[in-house]
């Protein structure tokens, strides 16, 4: 019987099951992918957005990852980081990075091991993983992560000939078309096409940033996405339609534009609320739905905003729209400095426990394995 101790954290509505493997190995590489489904699933598991595994950064651990996953042509240098940040999607695939997840890990390391700051390696599936700094403390700001400087999206995640350079770090898409069924947009237009302008940047994950007020061919849709109506029934109706609209746009991008984004794309819809304050909704490629908040998406929005507006405030507050349905004080604070762009939030430890890992021959695990076999090609693309 394989018992797996875990803790569950939340940050701005993002929930994570964390397995702390810093002192001893608790899961093999195969078991991490298998446990991801059980950690994220509410019917057969615990329920969260992603499984996080924290490991020591050592030659032995890196060699075991290389032997099992085949991510790298040459082994990363173990001396560049103290810890490894591993994040797994519900289908068992390993993701690249997560701002809220890293802040939760920082809070856990402080609470459990007294670590106030540390270097940690992220973006494990890419050829060159990145080392960043995380930390936490007793102050009201909670956890923080310095994600470094945003950069141009790697070519294995976005095919460059479909875009034009906006800056050395940002790609610009002057027109991407989203299709609808006849009547879907009848309250606003008879058209079945929505034309969108978008900017793309890499902040540990590839993020498209769209400001519907100016980037939609039907700008009236922006009010539905951000729920500006104050009358009860109309507001509820607009919230429902806005949620459907976000999901439709995100899924359309990921289903119809694989030639542009072969590994999928995160889609952020943003609206400026004031100088240095931006509201954001984010559709995440890994979970294939809108998330309550996204740290790497918040940084992408803040960075694009600063480049488009040519304003360079040292602090930008990102208001996660969906999370604020439940917590109207939720925000991710972004700090810009010469050393990089940092995120701050207040992670909360919800509970801890022990989970019994389902056996390989369990029907749920067998179904998951069949699903994962269909996505092996994606892992191969990320490793090349």
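What's the total number of residues in region 38-80 that are part of a helix (DSSP H, G or I), in contact with a helix residue (DSSP H, G or I) (Cβ under 6 Å, 6 or more places away or on another chain) and free of Cβ contacts under 8 Å to residues at least 24 places away in the same chain?
Number of matching residues: 3.
Would you point out which residue out of 193, 208, 185 is in contact (Cβ under 8 Å) with a residue 40 or more places away in the chain and at negative phi?
Testing whether each residue is in contact (Cβ under 8 Å) with a residue 40 or more places away in the chain and at negative phi leaves just 208.
For region 81-92, what are the residues that are within 15 Å of residue 31 (Cβ to Cβ) and either in a helix (DSSP H, G or I) or modelled with pLDDT of 95 or more (or both)?
86, 88
Grab the strands (runs of 3 or more DSSP E) fully contained in region 303-384, keeping just those with 1 or more residues being at pLDDT 90 or above, more than 30 Å from residue 275 (Cβ to Cβ) and within 24 Å of the chain's Cα centre (by Cα).
Result: 348-356.
Looking at region 258-287, which of its residues are out of contact with any strand residue (DSSP E or B) (no Cβ under 8 Å at 6 or more places or on another chain) and part of a strand (DSSP E or B)?
Passing the criteria: only 274.
Let me spell it out: the conditions are (1) at pLDDT 95 or above; (2) not in a loop (DSSP other than H, G, I, E, B), and residue 293 meets all of them except one. Which number is the exception?
It fails just one condition, (2).
Scanning for something over 23 Å from the mean Cα position of the chain (by Cα), at pLDDT 95 or above, within 18 Å of residue 204 (Cα to Cα) and not assigned by TED's automatic domain parsing to the domain that holds residue 308, does region 140-156 turn up at least one residue?
No: region 140-156 contains no residue that is over 23 Å from the mean Cα position of the chain (by Cα), at pLDDT 95 or above, within 18 Å of residue 204 (Cα to Cα) and not assigned by TED's automatic domain parsing to the domain that holds residue 308.
Would you check which residues across region 170-182 are more than 30 Å from residue 240 (Cα to Cα) and touching a residue at least 60 places away in the same chain (Cβ under 8 Å) and list them?
Passing the criteria: only 170.
Is it true that residue 7 is touching a residue at least 40 places away in the same chain (Cβ under 8 Å), touching a strand residue (DSSP E or B) at 6+ places or on another chain (Cβ under 8 Å) and assigned to a helix (DSSP H, G or I)?
Judged against the criteria, residue 7 is not a match.
The values are calculated or read from the model by the stated rules, or taken from the named source; none is laboratory data. Because the structure is a prediction, the values reported are computed rather than measured. Virtual Cβ from ideal backbone geometry, glycine too; neighbours counted across all protein chains shown.
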